[in-house]
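J.: To start, I am sharing the structure in question, which I have written as structure tokens.
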Amino acid sequence: YLLAKKHSKDRDIAMSSFIPTLVGISEPAIFAANLKYSVIPFVCSCLGAGCGGAFMKLAGVRAIGQGLTGILGLLIVVPNKLVFYVIGNLIAFIVPIVLIVIYNKTKGVPHGEEEEEAESALTIDETAKVPVKAVVDGKVIAIEDVKDGIFSEKVLGDGVGIIPTSETVLAPAEGEICTVMEASKHAIGVRTTNNSVFLIHVGIETVSMNGEGFEYLVKKGQHVKEGQPILKFDKAKIEAKGLNPVVVFVKTDEGNQTPVAFKTGINVKAGKDVIGE
């Protein structure tokens, strides 16, 4: 899909987010590339993964232990099934490319026109200092203490975790909604007026809930004010699934590259207390 993009920055982001997928880490590709432009690449990727997984199931591919997939999965696959494992991964890789090429020829690649229109309506000043406020009530913890390597190792960027005591996510600053996940609704992205992009991810592994207990209050491309409610979630439902409800707040590597100094170890009120500036 990104091969069709004309901007070198888009291609660079796509390539840097693609590399982690080789070892089974897909979040950078999902948030930084696929969903940023259109849901089509994400759907095609899911279909490709399903085809590859179905082939490996039918071929009887098994592992001798738990671990990552992708290239590292070669270390735990039963030796006599290695060839089928490789073929399954190739299917998962090639099918989305074929589907996207076909879609491109029939429908045309979506180039984010709606997003670009929304950006033109948002006044951007990258030199401005924009403090960001807590998105939920709760206790702020260091990103390194979040029980998910994608966040604790800062794969997506620096930030904090908030152990929530409220269930409504507020916009951290004035800006626009730049990322949504319509299927799961467990995460949302906000671009601020200084072109910083923040990802708000509710819970760990909550994508598995398929949207149950989550509700968007805004749409992609919508202008939002500081403190405006943008997402609601049901903490009890998350915990009932045995999942961690921690709200992760990350400044991604997209947009303004100026680092944000985050505060940790404090109790905060959503929309009132500054957690980064």
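Laboratory data are not the source of any read-out in this text; all were calculated from the coordinates shown. Just so you know, these numbers come straight off a predicted model, no measurement behind them. Cβ atoms come from the backbone with ideal geometry, glycine included; neighbour counts cover every protein chain shown.
J.: Once phi is turned into ³J(HN,Hα) by the Karplus curve 6.51 cos²θ - 1.76 cosθ + 1.60 with θ = phi - 60°, what whole-Hz value does each residue of segment 265-277 show in order, with x for glycine and proline?
T.: Going residue by residue, I get x, 10, 8, 10, 10, 4, x, 10, 8, 6, 10, x, 7 Hz, with x marking Gly and Pro.
J.: Right, here's the next one. So what's the projected area for segment 180-264, the Cα convex hull averaged over all directions, in nm²? Before the final figure, lay out each step's value.
T.: Values: hull surface 24.4 nm².
Hull-based average projected area comes out at 6.1 nm².
J.: Pro229: net charge of surrounding residues, Cβ under 12 Å, Lys/Arg +1, Asp/Glu -1, itself excluded? Walk me through the intermediate numbers first.
T.: Details: positive: Lys225, Lys232; negative: Glu167, Glu215, Glu226.
Charge balance in the 12 Å sphere: -1.
J.: Okay, next question. Pull out the extension gain between Cys46 and Glu126, defined as 0.36 nm times the separation in residues minus the alpha carbon to alpha carbon distance; nm, one decimal. Intermediate values should be presented prior to the final figure.
T.: On the way: separation 80, 0.36 × 80 = 28.80 nm, distance 3.56 nm.
Going from the current span to full extension adds 25.2 nm.
J.: Here's another thing I want to ask about it. Highest mean first, what order results for 161-172, 252-263, 74-85 on Cβ atoms within 10 Å?
T.: Output ranking for 161-172, 252-263, 74-85: 161-172, 252-263, 74-85.
J.: Which pairs break 30 Å Cα to Cα here: Lys57/Lys154; Lys105/Lys241; Lys185/Lys263?
T.: Lys57/Lys154; Lys105/Lys241
J.: I'd like the FRET efficiency for Val98 and Ile71, computed as 1/(1 + (r/R0)^6) with the beta carbon distance as r and R0 of 22 Å, rounded to 0.05. Mind showing how you got there, number by number?
T.: Details: r = 22 Å, r/R0 = 0.99.
Result of the calculation: an efficiency of 0.50.
J.: Quick one: if the Förster radius is 25 Å, what FRET efficiency do Lys81 and Ser208 give, using the C-beta to C-beta distance and rounding to 0.05? Mind showing how you got there, number by number?
T.: Values: r = 26 Å, r/R0 = 1.05.
Efficiency computed from Cβ-Cβ geometry: 0.40.
J.: If you don't mind, another one. Enumerate the amide H contacts of Leu231 below 5 Å, restricted to partners 5 or more residues apart or on another chain; note that Pro and chain-start residues carry no placed amide H.
T.: Under 5 Å from the amide H of Leu231: Val169, Leu217.
J.: How far apart, in nanometres, would the label points at Asp234 and Lys139 be if each is projected 7 angstrom from Cα along the Cα-to-Cβ direction?
T.: The two pseudo-label positions are separated by 2.7 nm.
J.: Taking a cut-off of 29 Å, what percent of all Cα-Cα pairs in segment 121-276 are separated by more than that?
T.: Details: 948 of 12090 pairs.
Percentage above 29 Å: 8.
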